[in-house]
Structure formats: C-alpha cells, structure tokens
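To start, the structure under review is shown below, and the notes come after it.
The values are calculated or read from the model by the stated rules, or taken from the named source; none is laboratory data. Remember, it's a predicted structure, so these values are computed and weren't measured experimentally. Ideal geometry is used to build each Cβ from the backbone, glycine not excepted, and the neighbour counts take in all protein chains shown.
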Amino acid sequence: MRYINYYCPTDFRFGWGRVSEVGKIVAEYGKRCLLVTVGPTPALDLLFENIKTLCFNEGVEIFHFNGVQPNPTTDNVDAAVEMGQEKNVDVILGVGGGSSIDTAKCVSVGITHKGDAWDYRVISGKTIEDKVLPIIAVTTTAGTGAEVTPAAVVSKTDIHLKYALYDKIICPTVAIIDPELTLTMPAHGTASTGWDAFCHSFESYTHNLAASDYIETPSVKKGVGVLGGCSGGYCTAVKGKCIGDGCTGMEAIGKSLGLLATGDGAVTGSKGIEASGDAYGVLAAATAGSGGVGHRHRGRSAQMDEDPR
C-alpha cells in the first residue's frame, strides 16, 4: 500500500445546467466582477450575455474584458489587470477554455501584487502571496483542467518565452463544470480536448509520483471512452469528457505529469498549432517514433475549425 496526501482547494460544481448558479456564486465573493473571456465568438456570445444577466440579477456589476487570445500573452494579462484596477474589482470570473481561465488567474495575481503578473512565474519569479482576488471559473471546453489547477500558462512574446505561474493559491475558488456548455464545440475541438485530457490522465496513471488511483483510473477510462465517440458534441461523450477533465486537473495538483503534458509549450503556437491536445498529438507521435503520424497531425492542426476558446 502506498500513502496518499491530497488536497484540492477548489469548490467543484459539476452538473448539467449548473451555469445558472453563477450569479449567486459570484455574489458570495464580490460585487464588482471582472469577466475575462475571448473576443466576440458566435458560439459563446449568448452565454456571455446570459452570465452577465445572472450576475446583474444578484446585484453584481460586471466589467467585461474580452481580449484573451489562444495561448494568452502578457499583453492580454496586463490589459485585463489595468481594467480590473481601474474598475476596482473584487472578484474575477473566467469563462471559456484554458486560455481564458489561465488569464483570469494571472489577472488575480497582477491586480493584487507589485509589478507584473509575469514577475511571479515559476523558476525565476517572485513568490505569490496569499492575497489574490477570488477566482470563479466556468469552463466551456474539457481538456485542460484549468478550472481546478494551480497553474496559469502565459507567453511573453517579446522575448519568446512561455512560462507558468504555479501555486495552489491561484487554484480557482469555485469551478462550474456544466457539460451543456461544451456542446457548441466543433468536432475537431471536441476530439482535441479529449486527447488533451487523456494524455494528462495516462501520464499521471503511469507516473511514479501519481496523485491517486481513485482519480487517475476513472479519468483514463473516461478519456478512452470519449476518444471513441468524439464527433462534435454527443452528450455521453461530453459528460464523460468533462468528468475526466476535472480529474485531469486534480492530477496536475498532485504534480504527476510527464513528457507530453510539460512539453506542449515548445509546440503550441508553432506551425499553426494552438490547442494543447494537438500539441500532444505531435509529441506522442514523435516519442513513439512515428514521424509520419506527427506530420499528418500538424497538417490537420493548421486547418483546425476556428473556435478561440
């Protein structure tokens, strides 16, 4: 028997239609909320407006920053921090995929700490202090696990570096995981995020520092099932993938990730590859010695259906 120490600080709210609770949840933590999202997107615009209404009905004032881009940059973060400080916000609401939620985490640090959020990156950065603003995460994809992880990945384009802020302090306070919100994803996006979740889960399951069999085993099983049924939002696949995604994020808290999960930063953003799931496909093919598969995957990634979340 091996011993397990495990702590996940995020209040995990999973279920169909649970986005309807967002107004009440945000109101528990503040009354001046910075909503962090990608720009205008037909599949998500109605959701953004519904969330604003739900918050308004609970007495929460919303300030919408919609300048997040895939693989967010320090420019995105700094612009959102400036808006948040100007509006004197007291809670951050990230809605979208990993890019939006990671940006929300960075913004929470940037608003409450001296200097820029980038100054608090891993390895060479300063220590994040326990004074960040509450972060509420509403995920519209399932793959990154960003809604429950202590990491926020950001790129500094002027020096061509991609780093993460990493501390359990920036784990979202509450995560709303509503499978219904992923139904508008295109087929490729559904498959890519399914592969993203599976790769995290598989590496965690085989890692000698695995977090817990109780998390990793069901996560791997869900990932396998989803990859067999990802054709653009089937309800069964989506629900399974969302559950697997939450487990994936919990594995990251246990620091049990490996080559694929830590190497995607060198691939995303190059040759038209923006989604981590696509990057993992390239890396998996390369590490398996199958360069032809990797080449075909890159070609498909460059033509990925547009969905910036």
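Brief remarks follow.
- Filter result for the condition that a residue is at pLDDT 90 or above and crowded, with 18+ Cβ neighbours inside 10 Å, over Thr140, Thr182, Thr144: Thr140
- Scanning region 126-160 for residues that are of a type in the set (Lys, Arg) and without any contact (Cβ under 8 Å) to a residue 24 or more places away in the chain turns up Lys126, Lys131.
- Among residues of region 196-217, those that are surrounded by 24 or more Cβ atoms within 10 Å (Cβ to Cβ) and modelled with pLDDT of 60 or more, counted: 7
- Members of region 53-73 found to be buried (at least 21 other Cβ atoms within 10 Å of the Cβ) and closer than 10 Å to Val22 by Cα, listed by number: Cys55
- Screening the candidates Ile123, Ile176 for the property of being crowded, with 18+ Cβ neighbours inside 10 Å and β-branched (Val, Ile, Thr) yields one hit, Ile176.
- Residue within region 12-34 that is surrounded by 15 or more Cβ atoms within 10 Å (Cβ to Cβ) and under 30 Å from His160 (Cα atoms) present: yes
- Subset of region 36-52 (residues that are surrounded by 12 or more Cβ atoms within 10 Å (Cβ to Cβ) and free of Cβ contacts under 8 Å to residues at least 40 places away in the same chain): Asp45, Asn50, Lys52
- Qualifying residue in region 21-30 (condition: touching a residue at least 60 places away in the same chain (Cβ under 8 Å), aromatic (Phe, Trp, Tyr) and assigned by TED's automatic domain parsing to the domain that holds Ala152): yes
- Total residues in region 109-125, condition out of contact with any Gly (no Cβ under 6 Å at 6 or more places or on another chain) and in contact (Cβ under 8 Å) with a residue 12 or more places away in the chain: 11
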